[in-house]
Amino acid sequence: MTTHQIEQLYVEGIINDDTLTDILHQWAVVPLLYDDGHEIKVEDYFNHLEHSLGVEAYAAAQSLYELSVQASRRFAEPDVYEVLQDCISLQEDLWMTNVLTLGDWIYWMEQAAQGQLNLPVVDFHSLFEDLPEGYMIQDFHDDLLFMLEQEDHPKYQEALQQQQSLYHQLGVSAS
């Protein structure tokens, strides 16, 4: 895997922490503005940025946003698109907590956009019986974290396995 342009610009100091966070936040939240992946456009991401971008940063952000648009088209139907939205939102959280590297996140999105991976498949009911309507991957992740805070929980080991599987499906590299 090669370093993406946005990573390189960050390392070189051309993009600072706030700008990088803004670019990536839009990458994660703009898809939430749509019910399906048919209408989203690269311009939609730029319209929500809080920071102005120089030429190099703009080009790097554009390449990220193009990946997201491609993935959105691939997973355009509402039910599947909802899973994509949930994945990207959770990936932002995992990136912010240093669980997911930027490089791994970008690689995952490239693979999704190119049709080289499927969205995560999670067995919610392996750990939980009655789930509220609309229960999604991010809810499952939050519940896993809660269970994993309790080492004496009877389903601790299964929760740990489910978390590892989920992280793998979201692009988290084993460390």
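The values are calculated or read from the model by the stated rules, or taken from the named source; none is laboratory data. Keep in mind that this is a model prediction, so the values were computed, not measured. Please note: Cβ atoms are built from the backbone with ideal geometry, for glycine as well, and neighbour counts cover all protein chains shown. Calculation scope for accessible area: heavy atoms of the full protein, side chains included, ligands and nucleic acids excluded. Shrake-Rupley method; radii C 1.70, N 1.55, O 1.52, S 1.80 Å.
Taking only pairs six or more apart or across chains, which ones have beta-carbon atoms under 7 Å, a first residue in region 129-140 that is under 17 Å from residue 119 (Cβ atoms), and a second residue that is in a loop (DSSP other than H, G, I, E, B) and β-branched (Val, Ile, Thr)?
Cβ pairs passing all conditions: 137/122; 140/122.
Looking at region 123-133, which of its residues are open to solvent by 30 Å² or more (accessible area, probe 1.4 Å), assigned to a loop (DSSP other than H, G, I, E, B) and touching a helix residue (DSSP H, G or I) at 6+ places or on another chain (Cβ under 9 Å)?
123, 128, 131, 132
Identify, please: which residue in region 118-135 is out of contact with any Phe, Trp or Tyr (no Cβ under 9 Å at 6 or more places or on another chain) and either closer than 14 Å to residue 91 by Cβ or among the small types (Gly, Ala, Ser) (or both) and is, among those, modelled with the lowest pLDDT? Give the derivation first.
Going through region 118-135, the residues out of contact with any Phe, Trp or Tyr (no Cβ under 9 Å at 6 or more places or on another chain) turn out to be 118, 120-121, 123, 125-126, 129-130, 132-134.
Those left that are additionally either closer than 14 Å to residue 91 by Cβ or among the small types (Gly, Ala, Ser) (or both): 120, 126, 134.
Numbers: 120: 94, 126: 80, 134: 85.
Per the stated criteria, the residue is 126.
Quick one: is residue 158 in a helix (DSSP H, G or I), acidic (Asp, Glu), touching a helix residue (DSSP H, G or I) at 6+ places or on another chain (Cβ under 9 Å) and surrounded by 17 or more Cβ atoms within 10 Å (Cβ to Cβ)?
The answer is no for residue 158.
Could you say which residue among 116, 70, 91, 85 is open to solvent by 80 Å² or more (accessible area, probe 1.4 Å) and in contact (Cβ under 8 Å) with a residue 12 or more places away in the chain?
Working: 116 fails: in contact (Cβ under 8 Å) with a residue 12 or more places away in the chain; 91 fails: open to solvent by 80 Å² or more (accessible area, probe 1.4 Å); 85 fails: open to solvent by 80 Å² or more (accessible area, probe 1.4 Å).
None of the others qualify; the one that does is 70.
In region 161-175, how many are closer than 16 Å to residue 112 by Cβ, hydrophobic (A, V, I, L, M, F, W, C) and part of a loop (DSSP other than H, G, I, E, B)?
Total meeting the criteria: 2.
Scan 139, 130 and give me the residue that is under 21 Å from residue 164 (Cβ atoms) and acidic (Asp, Glu). Reasoning before the result, please.
Values: 130 fails: under 21 Å from residue 164 (Cβ atoms).
That would be 139, the only listed residue that is under 21 Å from residue 164 (Cβ atoms) and acidic (Asp, Glu).
I'd like the full set of residues that are hydroxyl-bearing (Ser, Thr, Tyr) and more than 12 Å from residue 99 (Cβ to Cβ), limited to region 145-175.
Quick first cut of region 145-175, residues hydroxyl-bearing (Ser, Thr, Tyr) only: 156, 165, 167, 173, 175.
Hits for region 145-175 are 156, 165.
Only one of 4, 48 is under 20 Å from residue 172 (Cα atoms), open to solvent by 20 Å² or more (accessible area, probe 1.4 Å) and more than 15 Å from the chain's Cα centre (by Cα). Can you tell me which? Talk me through it step by step, then tell me what you get.
Values: 48 fails: under 20 Å from residue 172 (Cα atoms).
Every option except 4 fails the conditions.
For region 7-31, which positions are more than 16 Å from residue 105 (Cα to Cα) and surrounded by 12 or more Cβ atoms within 10 Å (Cβ to Cβ)?
First pass over region 7-31, keeping only residues more than 16 Å from residue 105 (Cα to Cα): 9, 11-19, 30.
9, 14, 15, 16, 19, 30 - these are the residues of region 7-31 that are more than 16 Å from residue 105 (Cα to Cα) and surrounded by 12 or more Cβ atoms within 10 Å (Cβ to Cβ).
Within region 74-114, how many residues turn out to be assigned to a loop (DSSP other than H, G, I, E, B) and hydroxyl-bearing (Ser, Thr, Tyr)?
Initial filter on region 74-114 (assigned to a loop (DSSP other than H, G, I, E, B)): 75-77, 97-101, 114.
Filter again for hydroxyl-bearing (Ser, Thr, Tyr), leaving 97, 101.
Number satisfying all stated conditions: 2.
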